[in-house]
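As structure tokens, the structure follows; a few thoughts come after it.
The values are calculated or read from the model by the stated rules, or taken from the named source; none is laboratory data. Bear in mind the structure is a predicted one, so any value in this text is a computation, not a measurement. Using ideal geometry, Cβ is built from the backbone for each residue, glycine included, and neighbour counts are taken over all protein chains shown. Only protein heavy atoms, including side chains, enter the accessible area calculation; ligands, DNA and RNA are left aside. Shrake-Rupley method; radii C 1.70, N 1.55, O 1.52, S 1.80 Å.
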Amino acid sequence: MSDPRPNVVRVSDESLVHARGLVKRFGDFAAVDGIDVDVRRGEAFGFLGPNGAGKSSTMRMVGCVSPPSAGVLRILGMDPARSGSRIRARLGVCPQVDNLDPELTVRENLTAYARFFGISRRVARQRAAELLDFVQLSDRASSRVEPLSGGMKRRLTIARSLVNEPEMVLLDEPTTGLDPQARHLVWERLFRLKQQGVTLVLTTHYMDEAEQLCDRLVVMDGGRIVAQGTPRELIERYSTREVVELRFPVPDQGAYGEKLAGVGERLEVLPDRILLYVADGDEAVAEVHRRSLGPSSALVRRSSLEDVFLHLTGRTLVD
Amino acid sequence: MAPWSVFEFHMVGYRRTWRGSALSSFVLPLLTVLGFGVAVGAHVAGGVQGVPYLDWIVPGLVASTAMQTAIGVSTWPVLSRFEWMKTYSALAASPLRLADIVAGDFLYLLFRVLVSAGAFLIVAAAFGAVHSWWTPAALAVCALVGFAVGGPTTAYSAAVRSDSYLAILLRFAVLPMSLFSGVFFEVGALPAVLRWVAYALPLWHGVELSRAAMLGIAPHWPAAAHLAVLVSWVTAGIALTIRQFHRRLVY
């Protein structure tokens, strides 16, 4: 374990994650139902999808703690079934639910974890200090984990995932449950990691997170990949430039669906609002007023991945 | 050495809590020796099997202490690392293999059992209840009892999702075992059914071997038979633990 990263060819089109027809079954239920994925070195790659889309099951397989039910999976060029331990030695994992040891101090959570990677005590202490600095927790190094805020625990978990200087970090819903300020701090740290050349693989059901962090992403639904590309490509391919959000002062928004026919390229009726997909939002709003429909509010915004997801699946991401 | 890193991880936690456990591993045996050995012993005229009652129960109590410590280490802490703190899932994400995690846990179990059994023997020696140079052999017996009890209990704690199952274990397995395993009186005094329960469970065999080591009293069964029962519990415990850890961590 002295040199954990032998024979690595550092080329950018090298696949760190290579999956073909990857399946994960639990009994009769296929949580992951035949996906093809390639994650290249140095990129930030996202799995976007609602709860139950199969993101976490995919991440567990990539993290070599869950054997695939079928298909081909290579991580860092190796087969998880044979080289699980060697692969895990070169990965960082930040799970969806923090699994820090609440009885240990902030620093001890890093140093004790580093020992699992065969890192010497001296190097472990040194790295713990650097990483606590990186996640802005140096002043809490000696305090116990239990009283830390959710955002601090998350940052500590991220720091812990970096103790072995991993080539690829897996982040399962890194900011779920955090308040906006804590989320921005985490995003900023992850962005710094990406700039340092660390490959990031993350799952999220937040479209803004995917747009902020991901170079490339796949949209998952029901265990399958329904679309893939850069955030911009996906928006261009599956949505219009702008969206008008209309709210009408009646319980049933659907009644207005027909009256809006022809205003935009497409419309989606949600329980609380109607989304008009249009090239020019202001022009569409003017047309709505010309038809005297009297919405209680009309908001023009740019298309987002949320719209892509809605278009692809007919459902919203967070419900 | 991967298992030692897991042992080290447990020791970091132990360093925060050892005062409490050290207190209980001295005070509890002290009270037991005083209460049973000295107070009850005063009413047991003529002793048991030809030795004074205090001397007779000390080897049993040390084995019982090993059992209690093993139970302490292998119940709530294990459940918590799976269910509440989820630290085992963090260990599984590292390069550690399941066998490393289990081996590290058992090293820590061994450490805790030896510390509390050793502390008990020191207390017993202070009461003049330790006579034989073979006494260290009783520590080896304690280690075996620790694994025989702690192994299967670790597997049990890894299998259940709520700590009410641990309370059931304590009430219906641990308590009867500590009462009916020849620690305080000979199993011959038990009704036949309970005697068979004592034969099947690990503690009585440890008590017999411990008594043989410390007092030179011949055990009721051949020593090899007692050893065989303990070793079967140890083997089953290791196998069940690895299976259960696999179920919980690799799915």
- Task: Name, by its number, the condition in (1) away from chain B (no Cβ under 14 Å); (2) over 22 Å from A:THR316 (Cβ atoms); (3) open to solvent by less than 10 Å² (accessible area, probe 1.4 Å) that does not hold for A:ASP38.
- Result: (3)
- Task: Search region B:1-14 for residues being open to solvent by less than 40 Å² (accessible area, probe 1.4 Å) and out of contact with any helix residue (DSSP H, G or I) (no Cβ under 6 Å at 6 or more places or on another chain), and hand back the single one that is nearest to the other protein chains (Cβ to nearest Cβ).
- Result: B:GLY13
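Kindly indicate which of B:VAL130, B:VAL160 is among the aliphatic types (A, V, I, L, M), surrounded by fewer than 24 Cβ atoms within 10 Å (Cβ to Cβ), away from chain A (no Cβ under 14 Å) and within 22 Å of A:VAL65 (Cα to Cα). Please lay out each step first, then the result.
On the way: B:VAL130 fails: within 22 Å of A:VAL65 (Cα to Cα).
The unique qualifying residue is B:VAL160.
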- Item | Close pairs (8 angstrom Cβ cut-off, 6 or more residues apart or separate chains): within 14 Å of another protein chain (Cβ to nearest Cβ) in region A:66-91, in a helix (DSSP H, G or I) and of a type in the set (Lys, Arg) anywhere | A:SER66/A:ARG60; A:MET78/A:ARG86
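Can you pull out every residue in region A:92-120 that is free of Cβ contacts under 8 Å to residues at least 40 places away in the same chain and either in contact with a helix residue (DSSP H, G or I) (Cβ under 7 Å, 6 or more places away or on another chain) or at the interface with chain B (Cβ under 9 Å from one of its Cβ atoms) (or both)?
To start, the set of residues in region A:92-120 that are free of Cβ contacts under 8 Å to residues at least 40 places away in the same chain comprises A:97, A:107-108, A:111-112, A:115-116, A:120.
Answer for region A:92-120, where residues must be free of Cβ contacts under 8 Å to residues at least 40 places away in the same chain and either in contact with a helix residue (DSSP H, G or I) (Cβ under 7 Å, 6 or more places away or on another chain) or at the interface with chain B (Cβ under 9 Å from one of its Cβ atoms) (or both): A:VAL97, A:ARG107, A:GLU108, A:THR111, A:ALA112, A:ARG115, A:PHE116.
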- Would you check which residues across region B:95-115 are farther than 30 Å from B:ALA63 by Cβ and open to solvent by less than 10 Å² (accessible area, probe 1.4 Å) and list them? B:PRO95, B:LEU96
- Query: What is the one condition in (1) over 25 Å from A:ARG216 (Cα atoms); (2) open to solvent by 10 Å² or more (accessible area, probe 1.4 Å); (3) of a type outside the set (Val, Ile, Thr) that A:GLY71 does not satisfy?
  - Reply: (1)
- Failed criterion for B:THR17 (all others in (1) in contact with a helix residue (DSSP H, G or I) (Cβ under 9 Å, 6 or more places away or on another chain); (2) within 11 Å of chain A (Cβ to nearest Cβ) hold): (1)
- Please go through region A:229-259 and pick out each residue that is open to solvent by 40 Å² or more (accessible area, probe 1.4 Å), part of a helix (DSSP H, G or I) and out of contact with any Ser or Thr (no Cβ under 9 Å at 6 or more places or on another chain). A:ARG232, A:GLU233, A:ARG237, A:ALA255, A:GLU258, A:LYS259
- Take region B:184-200 and flag every residue that is closer than 16 Å to B:LEU61 by Cα and not acidic (Asp, Glu). B:PHE184, B:PHE185, B:VAL187, B:ALA198
- Message: Going residue by residue through region A:68-88, is there one that turns out to be under 25 Å from the mean Cα position of the chain (by Cα) and within 30 Å of B:ARG15 (Cα to Cα)?
- Response: yes
- Message: Conditions first: (1) open to solvent by less than 10 Å² (accessible area, probe 1.4 Å); (2) under 20 Å from A:LEU137 (Cβ atoms); (3) in contact with a Ser or Thr (Cβ under 9 Å, 6 or more places away or on another chain). A:ALA159 passes all but one, so which condition is the exception?
- Response: (3)
- Those residues of region A:264-313 that are within 26 Å of A:GLU233 (Cβ to Cβ), in contact with a Lys or Arg (Cβ under 9 Å, 6 or more places away or on another chain) and in a loop (DSSP other than H, G, I, E, B) come to a total of 3
- Note on the structure: Taking region B:74-94 and the residues there that are surrounded by 23 or more Cβ atoms within 10 Å (Cβ to Cβ) and not in a helix (DSSP H, G or I), the one that is nearest to the other protein chains (Cβ to nearest Cβ) would be B:SER94
